[in-house]
Every structure is written in structure tokens, then in C-alpha cells.
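For reference, the structure discussed in these notes is given below.
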Amino acid sequence: TAVRESLRIFQTAGSASGQNAGFSTFAVVASAAGRPEIAAEFFGLADRLNRARGDVVTGAERRRYDAAEAATRERLGEYGFEAAFRALDDWSVDAAIERALTIDLSRSGGSTSRISRRELDVLALLVTGATDEEIAGDLFLSTRTVHAHLGSIYRKLQVNKRSEAVRLALERGLVELP
């Protein structure tokens, strides 16, 4: 991606402020791509480096950063966010850049490719606002099986709530609105 290429260029040029901006942008992109753990790690790294250098993010960039950080914090919960936020505290900038270069943030890649056909059926009904009991009835499943499918869907999409699963499923084109 362009963000990863920018990080590599800033690394080669030795531009600390460019690297900080690159890490911030990488975190925002990771959040938008549905990779909250990765996003929180790089939000933490960017925060540490910005504080050390006295850099301040302002304007539209600050609003975009704050919105993405808030969304990431909501997805992970406070404890999960703080743990991931501190994960790269001891990493060098070069090691963090190498880590960023190995991460695929494409929306179509990652864990959603493993969602089964039956899980997609459950997701399609979830988007309609159907209850677990209604999903079970429509798909001739027990509610316990529906709960198992939902747990698997949440894990694969890296979400904790029904509404987040619906949002991501629609954003990623996994299902369509009825």
C-alpha cells in the first residue's frame, strides 16, 4: 500500500517526523480495514514517538486520527485497547516499520475469507434485524447453533457486537441490504 511505501521511504531518508506521520496513518488505515489490534499497536507507537519528539497532530488529520482511535477503542474495549496500545513500547522504529511492511490491510483479505456459507446465511438474516430465534427458525437451526455461528462470525470479523458485525458485513460486501 502507499502507506507502507511511505514508511519505507521515510526510513531510508531518516525522516523521524515522516515516520511518525506514517505510523499514525497506518493506524488509521488498520482501523478502517477492521484490524483493531494492529491499529491500537500503531496508535500506541505513534503516540510514544510523537510525545518523544514533541510533535502535534492538528486539523483534519487530528479529527480523522481521533475518530479512528475512538472506533478502535470501542471495538477492543478499554482493556484490550490499552494492552495493544502498549505492545510496541519497546520496539525500535526500524522493527516497527518491518512489522508494518508484513501486514496486509486489504479489506478483502484476512479472516473474512474464511466465513462459511452457513455463516453468510446467518449474517444475511442478521442484517435484516432478525432475532436469534427468528434466524434459527428461518434456517432450521437451533438457537444454540445460531449462537455458535454468531460467535464464529464475531471472531472472524474481529468484532464484539451484533451491530459491528452488520456494519462490517455491509462495508465488505459480504451481504447486501434486503
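The values are calculated or read from the model by the stated rules, or taken from the named source; none is laboratory data. Remember, predicted model here, so these are calculated numbers, not experimental data. Counting neighbours? That spans all protein chains shown, and the Cβs are built from the backbone with ideal geometry, glycine included. Each accessible area value is taken on the protein alone, full model and side chains, heavy atoms only, with ligands, DNA and RNA left out. Shrake-Rupley method; radii C 1.70, N 1.55, O 1.52, S 1.80 Å.
R0 = 22 Å: FRET efficiency of residue 2 with residue 92, Cβ-based, nearest 0.05?
0.40
Extension gain, residue 51-residue 121: 0.36 nm per intervening residue step, less the Cα-Cα distance, totals 20.5 nm.
Report in % the part of the accessible area of the chain that belongs to carbon and sulfur, leaving out ligands and nucleic acids; probe 1.4 Å. It is 53 percent, rounded to a whole number.
With a Förster radius of 30 Å applied to the C-beta separation of residue 133 and residue 37, the computed FRET efficiency comes to 0.40.
Compared with the dominant Cα axis of the chain, that is its longest principal axis, helix 117-127 is turned about 90°. Over the chain, DSSP H runs of length four or greater, each weighted -39,500 (n - 2.57), average out per residue to a 222 nm ellipticity of -23000 deg cm²/dmol.
In units of the rule-of-thumb radius 2.2 N^0.38 Å, the range 2-64 shows an alpha carbon radius of gyration of 1.06. With a Förster radius of 35 Å applied to the beta-carbon distance between residue 147 and residue 101, the computed FRET efficiency rounds to 0.35. Charge tally around residue 21: other residues with Cβ under 10 Å, Lys/Arg +1 each, Asp/Glu -1 each, net -2. Once the Cα atoms are used to define both axes, helix 143-157 deviates from the longest principal axis of the chain by about 20 degrees. Across the range 1-123, Cα-Cα pairs more than 23 Å apart make up 31 percent of the total.
For the chain, the solvent-accessible area with a 1.4 angstrom probe is 51 square angstrom per residue. In this simple spin-label model, placing a label point 7 Å from the Cα along the Cα-to-Cβ direction at both residue 79 and residue 171 gives a separation of 2.5 nm. Based on the alpha-carbon gyration tensor of the range 135-178 and its eigenvalue square roots a ≥ b ≥ c, which shape applies: rounded if a/c is under 1.5, prolate if not and a/b is larger than b/c, or oblate? Since a/c reaches 1.5 but b/c is at least a/b, the shape of the range 135-178 is classed as oblate.
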